[in-house]
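Participant: Handing you a structure now.
Throughout, read-outs are computed from the coordinates displayed, never taken from laboratory work. It should be emphasised that the depicted structure is a prediction, and the values quoted were computed from it without experimental measurement. Don't worry about glycine lacking a Cβ; one is built from the backbone with ideal geometry, like all the others, and counts go over all protein chains shown.
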Ligand code: 5RP
């Protein structure tokens, strides 16, 4: 190691702090390296997935990728992909996908995810559940020890009919974990956020760990009025994490 008496002949360059969006882009571009011509691709939703969709569009335009079929996970991604000239289809025509690339709100060391803070969890779960490989892309701020235990929202998509009833049932289910359920609304006008499927979202906030994730998932899905929740258990095959020190891969 250099000491004060042996100074570095080439001082290190000043360290560059990357923004969160730059880290998201690095993870997204790395994931697109998995894409091959002829693949049927699940196109994720959110600010990280947007970089991946942009990159796929760019490679198609340059002729470096050919014969790609994209299955978007939201109306927003559908519009983005259309604007980039990515050929699109749906699960009815392509029930098995080669690869999906999407972001997440939380990732634990076992590759359990929380998704849906962007509101697209139902279509994301349908599309990503139909993929042979699901590559999740995140910046390092998304890493947690236990999903759902971060004190941040765990989204549940519910039908609008008597939503207060369903929200109360959800809250009661996790009373032991100090759960509070809040209807997702727009800050500007207080109106409910409506998903691409015409449903509402209740965000669950836990004061304590919810315990066994599979049991929690099953219990939520058994409630009439619930459409889907944002825990993605055993779905991601690889997580690409971009951090200040480089890229890390977490695989099953
Ligand atoms: C949308 C999602 C997103 O993947 C998740 O919210 C991450 O978003 P971002 O990449 O903008 O941080 O699940 O429903």
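Participant: Among the candidates 111, 91, single out the residue that is crowded, with 17+ Cβ neighbours inside 10 Å, part of a loop (DSSP other than H, G, I, E, B) and more than 12 Å from the ligand (Cβ to nearest atom).
Facilitator: Within the list 111, 91, the selection yields 111.
Participant: If residue 99 satisfies all but one of (1) in contact with a helix residue (DSSP H, G or I) (Cβ under 8 Å, 6 or more places away or on another chain); (2) within 28 Å of residue 22 (Cβ to Cβ); (3) not in a loop (DSSP other than H, G, I, E, B), what's the number of the condition it fails?
Facilitator: Going through (1) in contact with a helix residue (DSSP H, G or I) (Cβ under 8 Å, 6 or more places away or on another chain); (2) within 28 Å of residue 22 (Cβ to Cβ); (3) not in a loop (DSSP other than H, G, I, E, B) one by one, residue 99 breaks only (1).
Participant: Here is a list of conditions, (1) over 28 Å from residue 143 (Cα atoms); (2) out of contact with any helix residue (DSSP H, G or I) (no Cβ under 6 Å at 6 or more places or on another chain), and residue 34 meets all of them except one; can you say which number that is?
Facilitator: (1)
Participant: Further, regarding this structure: Pairs only if they're at least six apart or on different chains, beta carbon under 8 angstrom, first in the stretch 199-218 and on the phi > 0 side of the Ramachandran plot, second part of a helix (DSSP H, G or I) and surrounded by 15 or more Cβ atoms within 10 Å (Cβ to Cβ); list them, first residue then second.
Facilitator: Cβ pairs passing all conditions: 211/177.
Participant: Pick from 134, 161: which is more than 17 Å from the chain's Cα centre (by Cα) and away from the ligand (no atom under 11 Å from the Cβ)?
Facilitator: Sole residue among the options that is more than 17 Å from the chain's Cα centre (by Cα) and away from the ligand (no atom under 11 Å from the Cβ): 161.
Participant: Mind telling me which of the residues 211, 181 ends up being within 20 Å of residue 150 (Cβ to Cβ) and crowded, with 20+ Cβ neighbours inside 10 Å?
Facilitator: Going through 211, 181 in turn, just one is within 20 Å of residue 150 (Cβ to Cβ) and crowded, with 20+ Cβ neighbours inside 10 Å: 181.
Participant: Go through the residues of the stretch 141-156 one by one and say whether even a single one is more than 24 Å from residue 104 (Cβ to Cβ) and touching a residue at least 12 places away in the same chain (Cβ under 8 Å).
Facilitator: no
Participant: If we keep just the residues of the stretch 39-56 that are in contact with a strand residue (DSSP E or B) (Cβ under 9 Å, 6 or more places away or on another chain) and in a helix (DSSP H, G or I), which is nearest to the ligand (Cβ to nearest atom)?
Facilitator: Step by step, filter the stretch 39-56, then rank; the result is 48.
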